[in-house]
Amino acid sequence: MSQTDAPEAYETLLDHVEQTTYISDAAQLIGWDQQVTMPADGTPARAKQLSALSSVLHERQTDETLGEALDALADADLTDEQAAVVREVEESYEGATRVPESLVRERTELSAEAQDAWESARADDEFDQFAPVLERRRELERERADHLDPDREPYRVLYEGLEPAFPEPMVESIFDDLRERLVPLIESIRASAVTLADPFEATYDEATQEALNREALELLGYDFDRGRLDTSAHPFTSGTQFDARVTTRFDPEAPLEALNATIHEFGHATYMLGVPQSEYGTPLGSERYEIHESQSRFWENHVARTEAFWEYFTPTFNDHLGTDFDARTLFEAANRIYPNNLIRVEADELTYHMHIVLRTEVERAFVAGEIDVEEIPRVWNDKMEEYLGVRPETDAEGCLQDVHWTGGFGGFQSYTIGSVAAAQLDATLREERDDVDELIRNGNFEPLLTWMEENVHAHGQRYPADELMEVVTGEPLTADYFLEYVESKFGELYDL
């Protein structure tokens, strides 16, 4: 093909992808509405709406025009940015063309129904209400995996279908390193004579906590002209570089949990808001799935759980809640290890990863057909007891606590990989700047935001996640920085 033909084919592809993205973002917005503001009885119509949109999206993602443009660009002389766009579109196209539209429509409709079923089952503490939907989800996900690649184990196909980007052998190696060093570290902390502060004895109403969380977002640099704060059953972030919305949830007895969740979601929002506005609608204006979690973990753990942060934020915290804590007390409270905690989103930095191991093992066995749906609560509870020494008394505290199975399987690994990537990014940032703690102590978060925007967000999907980590940090993703970070911090806190 001649170079003069390349721009025309590329522009055809780009226009098609942009229009498809706009429709997808509209579907995402009404999905946000379902979880935040939709009336309780709106699910039947919402399921049909999302199903119809998924059908339209699938038609566009498998359109022959897109395939013809990709064929025309196969040997084109493209810039690096254009080649990255073509690579991402081609991967999406190849996956979409293997899955029938009817299955796409049915999966989307089931997701909307499953959201409603999960919320009801969790509120009533009745797994049996959710089990039929979950069993149907397994059938559809196995069917989808068979269309994508019938020669491989379904769970691995589903995992890779969520754009893990980090090669599976790398992920498995990292998990092995974490198991080897985190388990004994947690046991050492459990045996330590040191008890960190747990100062909360009063209750704090939702309005008071919401005001605190809203000010925290403002101080960190969240742009409320391009976002908002709401509550939902499970904290999440949704949006684009023009409109990235965060949600949280409140416990009257545990104000730090909502604050941690809000700052975690702030990290996701910074990534959405930080990708190039000029590239909206294209892969260069979109985020990487597993890099997303590195951004939330960076702000939650490497900023908001530092002693420098609490030296800055303690007066604000006390003003809102009517308390009189000192910075060291709140720093310890923010970093206390709770081996007996049952809830993943409320877990500390160390035990959190055993929650991820548990979920990955349960869903892998379920997808493989090694356990039946009715066995999930027992298997979940057995593994919780094995890994964390505690056993849930209710399904709501156990296998119903997470919303993720309403949408599919194979994504929990990204949470741990995100923490590992966050530590490596933090180490690189601190190598380049020796004033990070001083910036945090003074409430000057803009340089941290700018560093992430320039080094991570600005690339969009130009690089696969493993390449992006090498571009930013100079080496492949490794567990070393995360392990050094937690062993140093918690060794000091618990006098190990």
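The values are calculated or read from the model by the stated rules, or taken from the named source; none is laboratory data. Keep in mind it's a predicted model, so treat the numbers as computed, not measured. Cβ placement follows ideal geometry from the backbone for every residue including glycine, while neighbour counts extend to all protein chains displayed.
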Q) Within the range 280-330, how many residues turn out to be under 19 Å from residue 215 (Cβ atoms) and assigned to a helix (DSSP H, G or I)? A) 19
Q: Please tell me if residue 475 is among the charged types (D, E, K, R), at pLDDT 95 or above, surrounded by fewer than 23 Cβ atoms within 10 Å (Cβ to Cβ) and part of a helix (DSSP H, G or I).
A: no
**Q.** In the range 19-46, the residues that are in contact with a Ser or Thr (Cβ under 9 Å, 6 or more places away or on another chain) and under 21 Å from residue 247 (Cβ atoms)
**A.** 25, 27, 28, 29, 31, 32, 34, 35, 36
Q: For residues that are under 21 Å from residue 112 (Cβ atoms) and touching a Gly at 6+ places or on another chain (Cβ under 8 Å), scanning just the range 393-433, find the one that is modelled with the lowest pLDDT.
A: 410
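Between 180, 201, 187, 206, which is in contact with a strand residue (DSSP E or B) (Cβ under 9 Å, 6 or more places away or on another chain), of a type in the set (Asp, Glu) and assigned by TED's automatic domain parsing to the domain that holds residue 477? Spell out how you get there, then give the answer.
On the way: 180 fails: in contact with a strand residue (DSSP E or B) (Cβ under 9 Å, 6 or more places away or on another chain); 201 fails: in contact with a strand residue (DSSP E or B) (Cβ under 9 Å, 6 or more places away or on another chain); 187 fails: in contact with a strand residue (DSSP E or B) (Cβ under 9 Å, 6 or more places away or on another chain).
Only one candidate passes the filter, namely 206.
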Q) Is there a residue in the range 364-379 that is surrounded by 17 or more Cβ atoms within 10 Å (Cβ to Cβ), assigned to a helix (DSSP H, G or I) and in contact with a Ser or Thr (Cβ under 7 Å, 6 or more places away or on another chain)? A) no
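In the set 143, 160, which member is closer than 24 Å to residue 376 by Cβ, at pLDDT 90 or above, touching a helix residue (DSSP H, G or I) at 6+ places or on another chain (Cβ under 9 Å) and not assigned by TED's automatic domain parsing to the domain that holds residue 93?
On the way: 160 fails: at pLDDT 90 or above.
None of the others qualify; the one that does is 143.
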Q.
Quick check on the range 189-201. Is at least one of its residues assigned to a helix (DSSP H, G or I) and modelled with pLDDT of 95 or more?
A. no
